[in-house]
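S.K.: Got a structure here, written out as C-alpha cells. Questions coming.
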Amino acid sequence: MPVDPKNVLQARTNRSGVLAAAVLVLLLGTAGRAWALAGSWFYTDDHRLVRDAQATSALRDLLEPFDSQFMPLGRALAWVVSTASPDRWPLAATTTVLMHLLASVACLAMLLVLVGARWRVVVLLAVYETSAVTLPATMWWAAALNQLPLQAVLMGSVATWVLHLRTGRLRWLAATVALVALGLTAYVKAVLVPLVLAAVLLGWFTEGGPWRRVRSALRERWQAAVVFGTLGTAFSAYYVTQVPQVFVETGRTVADDLARSMLLTTLPTGLLGGPWRWNTDNPPTSYADPPIAAVVATWVVLAALALLLALRRRGTGRAWALLGGYAAIAFVLVLGSRAQVAGGVIGLEYRYLTDVLPVALLALVLATTRVEGAVGSSEARRTRRHLPPRTWSGATAVLVVAVVAGGVLSSVTYVRTWHEDNPGEDYLRTARDSLAGRGSLDLADQVVPAEVVPGYQFPANTTLLLLPLQVEGLRFPEVTEDLVVLDDDGRARRADIDVAVDAPPGPEADCGWRIGSSPVTIDLDGTAFDSTWWVHLGFAAASDDTLEVTVDGTTTRIGVRQGPGEVFWRTEAEIGQVTLGGLRGGNSLCVDLVEVGEAVPGDLL
C-alpha cells in the first residue's frame, strides 16, 4: 500500500511540534528551579558537607559515609563547591540546577521511549516540572546531592532498559547498568531501581502466569540478571560492612502515624498538585499541611481515575501495583530509620517521597499506553459504554490543568519560605558581614541558635566549625586579650562575662591582689561547677612578662603587657579559686578583677 506523502509530512510536523513543546516545558521548569535556588542558601548539613570537602585530601575520602549515606558522587560535587570563595552558594545552586536539568532530560527520554512523540509527553513532563513533591529535595542542597541523581538515574535507566528489552541490543543493557552504578554512588535508594526495571520486565515484557514470567525473563535476559545480581551483591556487601546502619525496631504507634501522614495524606495530595498549604513552623523547611477536604477530594479523584481507566483499558492493575509497591518500600525505609527519631510527622516531609513521583509517572504511562514491544501492554477495551470521548477528553484536560496549576501554587508557596524566612542564612550572612574586613579576630567558640543548626548536630552547631566557612583569618584561641562573640542575630560584639563566680576586692586598696614570682591563691565567692568557662582577669603590669595561672590543678602561661590590660582564658574545670604567680624576679602585677562565667555579647565592634 503506497504511503501518502501528506501523512508522512503531517507526522513529522506533529513530532517536531511535540519535541519543541517538550523542550520548552523542560527549559521553563529548569528556569523555575533556577529562580527558586537563586534566592535560597545553605542549610544545616550543607555546611558539614563543605567543611568535610575542604578536608578532602585523597580519593578515598570521597568514600567516607555521611550520616550513614554512601555518597561519593555527592562528596565530589561538594568538593567542587568548596573551592569557591567567599560565597559558595551560586556554585552550589548551579550544581543543583544542572542536576535538575539532567533529571528533566531523563524524564523526557523515558516518556518518549514509552509513549513516542505524542502530546501526552508534554503533559506528563509539565506535571513533573511543576510538582512540589520534588522541591524539598531540590531547595536543600545536601538532599539534592542524593535525590536528584536518583531521579535522573531512575527515569534514564527505564528508558535504556526498555530500549534493551525492545531491541535486545547489549549497548542499551550496558547503558542501564552504568546508570544504576552511577546512582549507587549518589544514594543507597538506587538499589530500588533494578526492582523497578524487573517489574517492568515481568509485568509488561513477558506473558503467562507468575512462574512462567520469571522463567521466561531469566531465560531471555540472563545477561541482565547476572550483571545486576553481581552489582547488587557487591554493593550490598560493601554497604553492610563499611557504612554504619541506622535501622532500628519499629513500634506500632509510629507505624500507624507514619502510614496516615505519608501514604494517606502527603503522597496522594502531592501527586495531584498539592499539598496547597504548608506548615512553616520549622523554617526554611516546610511540612505538607493539606486541608482535610483536599485530602478527601484527592482520594475521590484517584479512585475515580483508577476506575475509569480500568473500564476503558485492560491491564491497568499492574501499573497501580508497581506504584503501590514502590511507595510501600519507601514507607518501610522511613519507618525503620527517620520515623524512629522524628515520629510519624516525618511522613509529611516530601523529601522522603521525591523518587515516588517518577514511578507514578511511569505507572500512569503503563496504565494508559500500548508500549511498543511490550506484550503485556495495557490495551483499550472493545466495549466502552461509559464516558464518551469528548467528555473523557474534557475531564482529562480539567484534571491536568488543576494538577499543573496546583503544583505551581504549591511550589511557589514552598519556595517563598526559603526566600523570606531562613534563620540560618540570616545569622551567618550577618556574621560574615560584621566580621569581614576586620583582619584577624579572636572569637569565642559558642553554640549558635537552634534555628541556625539544631543542637543534636553538636559540634557542627558551633562557631568554631561554622564561621571559618564564611570568613577567613578568624582565630579561636584559648587565651586572648580581646575576645569577640556573636549575638543571637549573628552580629559581632566585644565579649562581656555573665559572671558565675568572682573574686572579692583584694587586700591592697590601690592594687587589689599584688602578684609576683611566688604564687598567690585567690578564693572566689563560690565554686563554678565542672564545665567550660571563661576566666576574665583585669590587671596592671609593671612590665611585659608571663603570668602562670593555675585552676583545678592545671597551669597555663599567659603573656601580659606593661600597663593596664585584661585577658580572657578559656578552661574546662570546676573553679573555686585561682592561683596566680610565676613572674620574673622583681616584677609585679596588680589584679583588680577576677571573674568566671560565660562569654556573652557586649558592645558592638
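The values are calculated or read from the model by the stated rules, or taken from the named source; none is laboratory data. What you are looking at is a predicted structure, and each value in this text was computed from that prediction instead of being measured. Using ideal geometry, Cβ is built from the backbone for each residue, glycine included, and neighbour counts are taken over all protein chains shown.
S.K.: Do any strands (runs of 3 or more DSSP E) lying entirely in segment 462-531 carry at least 1 residues that are charged (D, E, K, R) and in contact with a Leu (Cβ under 7 Å, 6 or more places away or on another chain), and which ones are they?
M.R.: Qualifying strands (runs of 3 or more DSSP E): 492-502.
Rundown of residues vs (1) aromatic (F, W, Y); (2) in contact with a Ser or Thr (Cβ under 9 Å, 6 or more places away or on another chain); (3) over 26 Å from A132 (Cα atoms), yes/no style:
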residue	(1), (2), (3)
N14	no, no, yes
V18	no, no, no
R33	no, yes, no
A36	no, yes, no
G39	no, no, no
D45	no, no, no
T83	no, no, yes
A93	no, yes, no
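S.K.: On to the next question. Inside segment 204-231, can you point out the residues that are without any contact (Cβ under 8 Å) to a residue 24 or more places away in the chain, among the polar types (S, T, N, Q) and under 19 Å from S377 (Cα atoms)?
M.R.: Scanning segment 204-231 gives a single hit, S216.
S.K.: Next up: Report, ordered by the first and then the second residue, all pairs with beta carbons closer than 7 Å, sequence separation of six or more or different chains, a first member in segment 89-117 that is in contact (Cβ under 8 Å) with a residue 60 or more places away in the chain, and a second member that is basic (K, R).
M.R.: Final answer for the pair search is V97/R33; H100/R33; A117/R15.
S.K.: Of the conditions (1) under 17 Å from the mean Cα position of the chain (by Cα); (2) among the small types (G, A, S); (3) buried (at least 24 other Cβ atoms within 10 Å of the Cβ), G156 clears all except one; give me its number.
M.R.: (1)
S.K.: Working only within segment 287-312, note down all residues that are of a type in the set (D, E, K, R) and over 28 Å from the mean Cα position of the chain (by Cα).
M.R.: So in segment 287-312, the residues of a type in the set (D, E, K, R) come out as 289, 312.
Within segment 287-312, just R312 meets the criteria.
S.K.: Looking only at residues that are exposed (fewer than 12 other Cβ atoms within 10 Å of the Cβ) and outside any loop (DSSP other than H, G, I, E, B) in segment 543-558, which one is farthest from the chain's Cα centre (by Cα)?
M.R.: Restricting to residues being exposed (fewer than 12 other Cβ atoms within 10 Å of the Cβ) and outside any loop (DSSP other than H, G, I, E, B), the top hit is R557.
S.K.: If I filter segment 151-166 down to residues being touching a residue at least 60 places away in the same chain (Cβ under 8 Å) and of a type outside the set (K, R), which single residue comes out as nearest to R370 (Cα to Cα)?
M.R.: V162
S.K.: Touching a residue at least 40 places away in the same chain (Cβ under 8 Å) and buried (at least 16 other Cβ atoms within 10 Å of the Cβ): is that true of D421 in this structure? Give the derivation first.
M.R.: On the way: touching a residue at least 40 places away in the same chain (Cβ under 8 Å): yes; buried (at least 16 other Cβ atoms within 10 Å of the Cβ): no.
Answer is no for this residue.
S.K.: Of the residues R438, R429, only one is charged (D, E, K, R) and either crowded, with 17+ Cβ neighbours inside 10 Å or not in a loop (DSSP other than H, G, I, E, B) (or both); which?
M.R.: Of the residues listed, the single one that is charged (D, E, K, R) and either crowded, with 17+ Cβ neighbours inside 10 Å or not in a loop (DSSP other than H, G, I, E, B) (or both) is R429.
S.K.: Continuing with this model, one more query. Starting from segment 584-604, keep only residues that are farther than 15 Å from L524 by Cβ, then list their pairs with residues that are at pLDDT 90 or above and among the aromatic types (F, W, Y) whose Cβ atoms are within a distance under 9 Å, requiring at least 6 positions of separation or different chains.
M.R.: Note: pairs meeting the criteria are L589/W513; L589/F539; C590/W513; C590/F539; E598/W533; E598/W534; A599/W534; A599/F568.
S.K.: From L202, L197, grab the single residue that is surrounded by 20 or more Cβ atoms within 10 Å (Cβ to Cβ) and assigned to a helix (DSSP H, G or I). Write out each step before concluding.
M.R.: Numbers: L202 fails: surrounded by 20 or more Cβ atoms within 10 Å (Cβ to Cβ).
It is L197.
S.K.: Still on this model: Given the condition farther than 29 Å from E451 by Cα, in contact with a Cys (Cβ under 6 Å, 6 or more places away or on another chain) and either modelled with pLDDT of 95 or more or in a helix (DSSP H, G or I) (or both), answer yes or no: does some residue in segment 96-108 qualify?
M.R.: Within segment 96-108 (the criterion being farther than 29 Å from E451 by Cα, in contact with a Cys (Cβ under 6 Å, 6 or more places away or on another chain) and either modelled with pLDDT of 95 or more or in a helix (DSSP H, G or I) (or both)), the answer is no, since none of the residues qualifies.
S.K.: While we're here: Hey, among the residues in segment 90-101 that are crowded, with 18+ Cβ neighbours inside 10 Å and not hydroxyl-bearing (S, T, Y), which one's farthest from the chain's Cα centre (by Cα)?
M.R.: Out of the qualifying residues, it is L101.
S.K.: Could you give every pair whose Cβ atoms fall below 9 Å, whose first residue belongs to segment 44-63 and is crowded, with 17+ Cβ neighbours inside 10 Å, and whose second residue is in a helix (DSSP H, G or I) and basic (K, R), counting only separations of at least 6 or pairs across chains?
M.R.: Pairs that qualify, where the first residue is crowded, with 17+ Cβ neighbours inside 10 Å and the partner is in a helix (DSSP H, G or I) and basic (K, R), are L49/R75; D52/R75; A53/R75; L62/R75.
S.K.: Let me ask you something else. I'd like to check something: does segment 66-88 contain any residue that is over 22 Å from A152 (Cβ atoms), crowded, with 17+ Cβ neighbours inside 10 Å and of a type in the set (K, R)?
M.R.: Yes, segment 66-88 contains a residue that is over 22 Å from A152 (Cβ atoms), crowded, with 17+ Cβ neighbours inside 10 Å and of a type in the set (K, R).
S.K.: Here's another thing I want to ask about it. What is the one condition in (1) touching a strand residue (DSSP E or B) at 6+ places or on another chain (Cβ under 7 Å); (2) at pLDDT 90 or above; (3) of a type outside the set (K, R); (4) surrounded by fewer than 19 Cβ atoms within 10 Å (Cβ to Cβ) that I497 does not satisfy?
M.R.: Against the list (1) touching a strand residue (DSSP E or B) at 6+ places or on another chain (Cβ under 7 Å); (2) at pLDDT 90 or above; (3) of a type outside the set (K, R); (4) surrounded by fewer than 19 Cβ atoms within 10 Å (Cβ to Cβ), I497 comes up short only on (4).
S.K.: Does A217 count as in the same structural domain as R166 (by TED's automatic domain parsing), small (G, A, S), touching a helix residue (DSSP H, G or I) at 6+ places or on another chain (Cβ under 7 Å) and buried (at least 21 other Cβ atoms within 10 Å of the Cβ)?
M.R.: Numbers: in the same structural domain as R166 (by TED's automatic domain parsing): yes; small (G, A, S): yes; touching a helix residue (DSSP H, G or I) at 6+ places or on another chain (Cβ under 7 Å): yes; buried (at least 21 other Cβ atoms within 10 Å of the Cβ): no.
Taking the combined requirement at face value, the residue does not satisfy it.
S.K.: Another question, then. When segment 41-61 is examined, which residues are found to be among the β-branched types (V, I, T) and assigned to a loop (DSSP other than H, G, I, E, B)?
M.R.: Across segment 41-61, the qualifying residues are T44, T56.
S.K.: Turning to a different aspect of this structure: Just to be sure, is A84 more than 16 Å from the chain's Cα centre (by Cα), under 30 Å from G406 (Cα atoms) and not in a helix (DSSP H, G or I)? Write out each step before concluding.
M.R.: Values: more than 16 Å from the chain's Cα centre (by Cα): yes; under 30 Å from G406 (Cα atoms): no; not in a helix (DSSP H, G or I): yes.
Against the criterion (more than 16 Å from the chain's Cα centre (by Cα), under 30 Å from G406 (Cα atoms) and not in a helix (DSSP H, G or I)), A84 does not qualify.
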